[in-house]
């Protein structure tokens, strides 16, 4: 019997989400959806036990002989080939440093050697999900970005992440590109909004949603969204043009406030002579689940393996 189900798994900063996906159709089996909160400062054994609990919850809802394996959308730094975590210097998952996640999960699930466990960068998984079953499925070349705690991005050609070569920046993403007094991640993320608003008003807010809620009555808040959209367009236009991206897909929590910066952002792109179509992600969080599950597709796996060491 052909194993035609993969478990897509998204590792967030404070949670794990997983669901079974039909590989032939790209359909998420909604009744298998499982989510657990995770203390990212916990010991490695505790984190792995919670991840295993979530995976077991999803696996219990599908026939075992139909499941090919698990694909993980993982934040970096991470060895996506060997399954080893190298996160350090940030306030999450530091206790997993040097830990072989692949071996630990396989052992905890008591999986046999035929049960596959594969990994991909979380931003790349989001982009692959969009290219496989989302907004970018009808185009060959796309750039997907996630705007939130960080600035995620991945260039996609024929559903495969492009991580090197003359068409894309080093590592195949843009968060690390020098910009103004820092890097792009410093400016196109939640902390820019909150830091800039505090500098201008002395007020501390919890998130961009709170800022969006006051933007109609608060000229300073509204001005920040205008500034953000303008600068994001200036920054992205050269990369979109160089890659000949047919489409830009935008996701992440900040995209929920697109009505406050979308028009000025698209005008900024056009001013930079960029003609890429801009769409908001309809899959949202599902995109990373789909992209990680797609790692269990044999043809995709053969095509993407060369890119994994460079993510």
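The values are calculated or read from the model by the stated rules, or taken from the named source; none is laboratory data. As the structure is a prediction and not an experimental result, all values here were calculated from the model. Heads up, the Cβs are rebuilt from the backbone with ideal geometry, glycines too, and the neighbour counts pull from every protein chain shown.
Every condition in (1) in contact (Cβ under 8 Å) with a residue 12 or more places away in the chain; (2) outside any loop (DSSP other than H, G, I, E, B); (3) assigned by TED's automatic domain parsing to the domain that holds residue 65 holds for residue 106 except the one numbered (1).
Considering each residue of the range 1-26, count those that are assigned to a strand (DSSP E or B) and touching a residue at least 40 places away in the same chain (Cβ under 8 Å), and give that number.
12
For the range 79-90, a residue qualifies if it is farther than 18 Å from residue 50 by Cβ and either in the same structural domain as residue 158 (by TED's automatic domain parsing) or part of a loop (DSSP other than H, G, I, E, B) (or both), and the qualifying residues are 80, 81, 82, 86, 88, 89, 90. Using the structure shown, decide if residue 206 is part of a loop (DSSP other than H, G, I, E, B) and either modelled with pLDDT under 95 or under 17 Å from residue 276 (Cβ atoms) (or both). It is true that residue 206 is part of a loop (DSSP other than H, G, I, E, B) and either modelled with pLDDT under 95 or under 17 Å from residue 276 (Cβ atoms) (or both).
Identify, by number, the condition in (1) at pLDDT 95 or above; (2) within 24 Å of residue 185 (Cα to Cα); (3) out of contact with any helix residue (DSSP H, G or I) (no Cβ under 6 Å at 6 or more places or on another chain) that residue 85 doesn't meet. That leaves (3) as the condition not met.
Scoring residue 65 on the criteria (1) touching a strand residue (DSSP E or B) at 6+ places or on another chain (Cβ under 6 Å); (2) under 27 Å from residue 300 (Cα atoms) leaves a single failure, condition (1). Just one of the listed residues (90, 62) is free of Cβ contacts under 8 Å to residues at least 60 places away in the same chain and within 21 Å of residue 132 (Cβ to Cβ), namely 62.
So is residue 68 in contact with a helix residue (DSSP H, G or I) (Cβ under 9 Å, 6 or more places away or on another chain), surrounded by fewer than 16 Cβ atoms within 10 Å (Cβ to Cβ), assigned by TED's automatic domain parsing to the domain that holds residue 109 and under 26 Å from residue 127 (Cα atoms) or not?
no
Among the residues of the range 176-190, those that are surrounded by 14 or more Cβ atoms within 10 Å (Cβ to Cβ) and either closer than 18 Å to residue 227 by Cα or not assigned by TED's automatic domain parsing to the domain that holds residue 238 (or both) comprise 179, 183, 184, 185, 186, 187, 188, 189, 190. Scanning the range 134-157 for residues that are out of contact with any strand residue (DSSP E or B) (no Cβ under 8 Å at 6 or more places or on another chain) and in contact (Cβ under 8 Å) with a residue 24 or more places away in the chain, which turns out nearest to residue 251 (Cα to Cα)? Step by step, filter the range 134-157, then rank; the result is 148. Residues in the range 242-264 that are crowded, with 24+ Cβ neighbours inside 10 Å, in contact with a strand residue (DSSP E or B) (Cβ under 8 Å, 6 or more places away or on another chain) and in a helix (DSSP H, G or I): 254 alone.
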